[in-house]
Amino acid sequence: MVTVRAPATSANLGSGFDVFGAALTRPADVVTVEKAAETTIEVTGVGAQYIPEDPEKNTVGAVVEALDAPARIHIDKGVRPASGLGSSAASAAGAAVALNRLYDRGRSRSELVPIAAEGEAVVSGVAHSDNVAPSILGGFTVTTSEATHAVDAAVPLVVCLPDVAVSTRDARRVVPETASMDDLVATVGNAATLAVGMCRSDPDLVGAGMSDPVVTPERARLITGYDDVRAAAFDAGAAGVTVSGAGPAIIAVCREGSRRRVAAAMLDAFSEAGVDARAYQTEIGKGSTILEE
Ligand code: HSE
């Protein structure tokens, strides 16, 4: 038996659509696997009622296939589905790391990234790796079709999750098909600034580099109260605020010592917009961890 803790993640970070990702110290899924002749999946925890246990439809089924590793699998969800916090990716990442160890498949962490991404595709429709990469490798990650690069970064964060669901499939429908050259140049500049900020663990640079004129404005429209919550986070001292992944969670980069204030301001603003929410005070953290074997 192998048990793995796989962290929630925040993809895009504004300017890095489908490229950037960050592992969060909380929340997380816990995946336990045990060898079996046939694969079965049991899901408990937050939002378990919305997650199919049929291996053909669950994010973990494709991972089992790819590693040829049939197992009895238990997923304890800490990451709510349709949250913008890489819920299905956390389960796929945890399963990939756990099954690789259970069956001694010898794949490196980097080799497990595309395998877990195939699992992601089952639920989101696209095999992008910007959530599975940080959930497996930890830190801040840059994923292209060729490779993933991960760096450790110490950056305080708040993620505020409203009590509404936005599916990745729906949120991908509002992504514009084209962008102007001006917007492209601005986005490249912002993304580069953010990456330098991560390498220096500098929240001000990371925050300054989060701006994205192309995808985020379209997605923000799907989140009731977004503009007010964003403004409230900045007023409380955040260095940057954007949609987390496909939403509806909103991520704020915080300067040292400001997380509590930022979290409270974001919750108040959601409440004033008539939306229940919860806030996680978190930071960039480790990837999937084997808890027991
Ligand atoms: N990059 C993806 C998106 C992450 O924004 O659609 C969500 O799974």
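The values are calculated or read from the model by the stated rules, or taken from the named source; none is laboratory data. Model, not experiment: these values are computed from the prediction. Here the Cβ is made from the backbone with ideal geometry for all residues, glycine too, and neighbour counts use every protein chain on show. SASA here: full protein model, heavy atoms, side chains in, ligands and nucleic acids out. Shrake-Rupley method; radii C 1.70, N 1.55, O 1.52, S 1.80 Å.
Here are the numbers for the structure shown:
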{"quantity": "Verdict on V79 being without any contact (Cβ under 8 Å) to a residue 60 or more places away in the chain, outside the structural domain of P213 (by TED's automatic domain parsing) and touching a strand residue (DSSP E or B) at 6+ places or on another chain (Cβ under 8 Å)", "calculated": "no"}
{"quantity": "Checking D76 against (1) touching a His at 6+ places or on another chain (Cβ under 8 Å); (2) open to solvent by 60 Å² or more (accessible area, probe 1.4 Å), the condition it does not meet", "calculated": "(1)"}
{"quantity": "Positions within segment 27-43 being in contact with a Lys or Arg (Cβ under 7 Å, 6 or more places away or on another chain) and within 8 Å of I75 (Cα to Cα), in sequence order", "calculated": "D29, V30, V43"}
{"quantity": "Count - residues of segment 277-293 that are open to solvent by 70 Å² or more (accessible area, probe 1.4 Å) and over 16 Å from N131 (Cβ atoms)", "calculated": "6"}
{"quantity": "Pair list, Cβ under 7 Å, 6 or more apart: segment 200-212 residue assigned by TED's automatic domain parsing to the domain that holds T242, other residue surrounded by fewer than 17 Cβ atoms within 10 Å (Cβ to Cβ)", "calculated": "S201/A154; P203/R255; L205/V196"}
{"quantity": "Where R101 falls short, out of the listed (1) assigned to a helix (DSSP H, G or I); (2) more than 30 Å from A264 (Cα to Cα); (3) within 16 Å of the ligand (Cβ to nearest atom)", "calculated": "(3)"}
{"quantity": "Tally, over segment 56-86, of residues that are of a type in the set (G, A, S) and out of contact with any helix residue (DSSP H, G or I) (no Cβ under 9 Å at 6 or more places or on another chain)", "calculated": "1"}
{"quantity": "Qualifying residue in segment 36-59 (condition: open to solvent by less than 20 Å² (accessible area, probe 1.4 Å), in a loop (DSSP other than H, G, I, E, B) and more than 22 Å from V159 (Cα to Cα))", "calculated": "yes"}
{"quantity": "Criterion (within 16 Å of the ligand (Cβ to nearest atom), more than 18 Å from D18 (Cβ to Cβ) and either of a type in the set (F, W, Y) or touching a residue at least 40 places away in the same chain (Cβ under 8 Å) (or both)) met by exactly one of S87, S91", "calculated": "S91"}
